[in-house]
Amino acid sequence: MDKGISFYFGFDVEPELRAKMIKDAGFDCVITNADKKFVWQNGTIESQVKIFKKVGLKLSSLHMSYNAEDLHYFWENCKNGEKLKKNLNKDVKIAKKYGFTCVVVHLFGKYSEIGKQRLEEVLALCEKLNIPLAIENINDQKLFLQVFENIKSDMLKFCYDSGHNNVFDRNFNYLEKFKDKLITLHLHDNNGNCDEHTLTKYSGSIDWNKIAKSLAKQNNIKLDYEVFGKNDENVSAEEYLKQTFIQAKNLEKLIEKHNK
């Protein structure tokens, strides 16, 4: 199984060196975003993709550009809602241009007809460009469920975030209920109380065997880790990559066990 990691994994390392470190640690692919507010950290999306190709890393998912405090506008009759829709359309076009597997989306707010219309307009573009839109489970389960209940599209997919599930609604099995919609993963662990985006080795409470069982029989799924290593762990970037890859290999073994 391909194993990936977020291009920025919590350590301030120059982009080209960081990509080489990710490749040298054994990873096959990367997840990233095209948000301009992270250019100082990762470079432009164009420069990132050039670096990935240079070192031999494949592209996985592209995260939408957003500010958390603005997400509710998507469901409201206002200019900011239209702006969010336009930005999402832009991200879909970027994903198509560079070859990302899908666009990962955060949805938050009160479900509405105007929001449904906007999402259907984005999905129409997704269908035209053959770029799936993967809705991530965050901390708004009600809206997540309403979207999948009311909007039908072959391009409407699911991004499973293990850490969010463990903190916000651990008794809800997204992987089983939406297994037919699953297209991409954001894997990370935490203490069960806050969204740490860390590894089991440092602060873990997730039942990875349960997740592995749910991931068994999934075709072409990449084990993508969205982790942000803490500098206060006194761990180097190289060591953190090593530990992330070990966790990915361990999960792969558990999945293989359930596939037998």
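Quick one: Kirkwood hydrodynamic radius for the stretch 67-209, alpha-carbon pairs, angstrom, one decimal?
Details: mean 1/r = 0.0632 Å⁻¹.
Evaluated over the stretch 67-209, this radius sits at 15.8 Å.
Roughly how many debye, to the nearest 20, is the charge dipole of the stretch 3-259 about its Cα centre, given +1 on each Lys and Arg Cβ, -1 on each Asp and Glu Cβ, and no other charges?
Numbers: 39 positive and 36 negative charges, 176 e Å.
Here the size comes out at about 840 debye.
In degrees, nearest 10, range 0 to 90: what is the angle between the Cα axis of helix 15-24 and the longest Cα principal axis of the chain?
60
Taking Cα pairs under 8 Å and at least six residues apart, what relative contact order does the stretch 3-259 come out at, in percent?
Values: 454 pairs, mean separation 48.1, N = 257.
Reported as a whole number, the value is 19 percent.
Could you tell me the relative contact order of the stretch 1-75? Use alpha-carbon pairs under 8 Å, at least six residues apart, and round to a whole percent. Could you put the intermediate results ahead of the total?
Numbers: 85 pairs, mean separation 27.0, N = 75.
The value is 36 percent.
On a 0 to 90° scale, report how tilted helix 237-259 is relative to the longest principal axis of the chain, with both axes built from alpha carbons and the result rounded to the nearest 10.
Rounded to the nearest ten degrees, it is 80.
Once the dipole of the chain is set up with Lys and Arg at +1 and Asp and Glu at -1 on Cβ about the Cα centre, which of LEU125, THR200, ASN166 lies farthest towards its positive end?
Going by the Cα projections, it comes out as LEU125.
With +1 on each Lys and Arg Cβ and -1 on each Asp and Glu Cβ, and nothing else charged, work out how big the dipole of the stretch 124-260 is about its Cα centre, in Debye to the nearest 20.
Values: 19 positive and 21 negative charges, 137 e Å.
The calculated dipole for the stretch 124-260 is roughly 660 debye.
Quick one: which of LYS152/LYS242; LYS37/LYS85; LYS93/LYS217; LYS83/LYS157; LYS83/LYS242 span more than 29 angstrom between C-alpha atoms? Intermediate results must be reported in sequence, preceding the final value.
Details: LYS152/LYS242 41 Å; LYS37/LYS85 18 Å; LYS93/LYS217 31 Å; LYS83/LYS157 22 Å; LYS83/LYS242 40 Å.
Among LYS152/LYS242; LYS37/LYS85; LYS93/LYS217; LYS83/LYS157; LYS83/LYS242, the Cα-Cα distance tops 29 Å for LYS152/LYS242; LYS93/LYS217; LYS83/LYS242.
What number results when the radius of gyration of the stretch 1-146, computed over Cα atoms, is divided by 2.2 N^0.38 Å? Present the calculation step by step, with values, prior to reporting the outcome.
Values: Rg = 16.0 Å, N = 146, 2.2 N^0.38 = 14.6 Å.
Compactness ratio reported: 1.10.
In nm, to one decimal, how far is the modelled label at ASN67 from the one at PHE148, with both set 7 Å along Cα→Cβ?
Each label point is offset 7 Å from its Cα along the Cβ direction, giving 3.1 nm.
For the chain, place one equal point scatterer on every Cα, skip the solvent, and apply the Debye formula. What is log10 of I(q)/I(0) at q = 0.09 Å⁻¹?
-0.38
Between ASN173, ASN193, ASN150, which gets the highest mean-square fluctuation from a Gaussian network model of the chain, Cα cutoff 10 Å?
ASN150
Using +1 at the Cβ of each Lys and Arg and -1 at the Cβ of each Asp and Glu in the chain, identify which of MET21, GLN41, GLN141 lies farthest towards the dipole's positive end.
MET21
Can you spot the aspartates and glutamates whose alpha carbon is less than 17 Å from LYS260's alpha carbon? Ignore those fewer than 8 places along the same chain.
Partners found: GLU252.
Values in this text are rule-based calculations from the coordinates and carry no lab data. As the structure is a computational prediction, the values presented were derived from the model and not from experiment. Cβ atoms come from the backbone with ideal geometry, glycine included; neighbour counts cover every protein chain shown.
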